[in-house]
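Every number in this text was worked out from the coordinates using simple rules, so none of it is lab data. If you're wondering where the values come from, they're calculated on a predicted model, not measured in any experiment. Virtual Cβ from ideal backbone geometry, glycine too; neighbours counted across all protein chains shown.
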Amino acid sequence: MSMNPNNSQYRRIIIRRANEYVLFKTDDIAYFFLENKTCFMVDRLQGIKYLVPKTLRDLSMALDPADFYRINKKYLVHIESLRKFKLCVAGRIEVELHPAPKEKVFINQVRMQDFKKWVTKGSNEQETPLFEDILGSQSGYSDY
């Protein structure tokens, strides 16, 4: 992987695929995920998954936290891949990503406040009342 020498955060990632190397800007990455303890990257444009020889922990420390957020043990997502989210049973939030992964993706209650800060960081509003109401109240929103 290529690092920018003026900053500790990755701006581009180089992935080896057979005998070639594919270059991705971090903005072209939808998310990273674990499958059978192996890390993969999914590109936002074509939805193709690539093997990544790094851990999610290493990636989350090396990528811009304004763009990428570790929503659970298995997923590190780019803000542009987030489509919608809804409250589910047991106080978890189900997250819809694009391109869609094979499994449902959830955020637990422990991460909700950090997730809210991350999602609203780039919005024009200082506080998003609807978002606050959804995370603050657990009754009446289970079916969205």
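Computed quantities for the displayed model
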| item | result |
| --- | --- |
| Percentage relative contact order, segment 46-109, counting C-alpha pairs under 8 Å, at least six apart | 22 |
| Protection proxy ranking of 33-45, 71-83 - average other beta-carbon atoms within 10 Å, highest first | 71-83, 33-45 |
